Amino acid sequence: MNKKGILLILTGYMLVATSCFKSQNNPAYSSFFAGEISGNKKIEMNKINIDTITLTNVNTSYLGFSAISGDSIYLIDKLFCWVYILDLDGQLITRKLGQGAGPKELDLKFVDSFCFLHDGRKLFVGSSLDLHLYDKNWNRIAKKVIDWRGEYTYTDIYQIDSPDPAEISLYGFEYEKFKIINSFKHPDVVLVPIYSEHKDFNAFVSEDYYKKGRIMASIDIRKAKVVGLNGRRPPVYLENKYLGHHSFYSFTLTSEDEIFITHEIDSLIYMYDYDFNLLRKFGYAGRNMNANYTPLTTNFDINKIRHLYFADKPQKGYYEELFYDEANTLLFRSYKKGNKQKVDGLQIYRENVLIADVDVPKEFVILGYIKPYYFSKAIFDEEREQIVIYRFKI
């Protein structure tokens, strides 16, 4: 769990300690979710054989994340700003960047997110809306700050009691699942998850937040500007009195810029076109998930919310990450079962059909594919001073 993101969310929500739940009769938003559920279940495998790779020769702060590009695995250290390039066996090939002001260094104190652009450029995002762009050879191209202003500034929007859900300044990066994906058809545009912590419009107090709140921003990295807001959270959140500590999602793109989205407490997977017209929805609940979610049933209570994040959420099952292998037309979805289970889960869909729902080690989250292996994200374990990556074949 990204504790930095959670703490930022909680700090913002402290502003609403005297607020109460809002429930307004707003127009339906069915176009984002209406339609028949497609697909079926045809199980082809009940087990996968998983290899464990323990990384060596990597000096790290144990704050980081992993990525895949081409035939290499990349390990990005958030604090030291190093980028390690590894082969399929986890062996170190070379190291790039590092913190510093030089043309082949990364001039920021902490890496919040990272993305390989499809043309070979690399994009790093810092904690102050700063973008750091590098070319194929790891030379700095540009350093910019995103213009996140809409009709209002980020400060002024908090003085408005009933903000417009389409207002850009109402939102910020969703640090809990801060994933950046490059559009295929718009090479200078990236998509990022967003959320709001406005006192009257947030995941714990506002029904309108779920009905009208946007979930994704499009950012033009050349202009360093937000150029679009879109998406919604599904109706299941309204049925459960919001569940702000589970209000996150994961997404991935096809080469046609079609968007797959999975929300933490929704068993369905939604597929949209680039303009968020729903193309189809499908999916099955994971096996042995603890879906007995705990809502915030009282007025805003910061101590209760901390408990929901740090004590209650690890007990529950929820959907975590998507990866689409276009070459083999396979969609993977990782999920938590809850900490009383000894394993987590991984679903595999071909088109709309569930072909596998298998047990995987705890903390396993799908990352990507380098033929012939599928890889998990790197698991950083500071207590044991180790980094582990899992891989498997199909």
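Every read-out reported here was derived from the displayed coordinates using simple, explicitly stated rules and does not represent laboratory data. These figures come from a predicted structure and were not determined experimentally. As a convention, Cβ positions derive from the backbone with ideal geometry for all residues, glycine included, and neighbour counts pool all protein chains shown.
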Point to revise | J(HN,Hα) series, region 284-293, from Karplus relation 6.51 cos²θ - 1.76 cosθ + 1.60, nearest Hz, glycine and proline x | key: 10, 5, x, 7, 6, 8, 7, 9, 8, 6
Point to revise | Three-way shape call for region 140-295 based on the alpha-carbon gyration tensor, with the a/c threshold at 1.5 | key: oblate
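Is region 331-394 rounded, prolate or oblate when judged by the Cα gyration tensor, a ≥ b ≥ c being the square roots of its eigenvalues, rounded requiring a/c under 1.5 and prolate requiring a/b larger than b/c?
Because a/c hits 1.5 or more and a/b fails to exceed b/c, region 331-394 counts as oblate.
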Review point. Using a ≥ b ≥ c from the Cα gyration tensor of the chain (square roots of the eigenvalues), is it rounded, prolate or oblate, where a/c under 1.5 gives rounded and otherwise the larger of a/b and b/c decides, a/b for prolate?
Key: rounded
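Kirkwood Rh over Cα pairs of region 56-145 into Stokes-Einstein at 20 °C, 1.002 mPa s: D in µm²/s?
Calculated translational D: 164 µm²/s.
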Review point. Gain in length, ARG306 to THR254, computed as 0.36 nm per residue apart minus the alpha-carbon separation, to one decimal in nm?
Key: 15.1 nm
Exercise for review: Divide by every residue of the chain the summed helix terms, -39500 (n - 2.57) for each DSSP H run of at least 4, and state the resulting mean residue ellipticity at 222 nm, rounded to the nearest 500 deg cm²/dmol.
Suggested key: -1500 deg cm²/dmol
Point to revise | By average C-beta atoms within 10 angstrom, highest first, the peptides 122-134, 274-286 | key: 122-134, 274-286
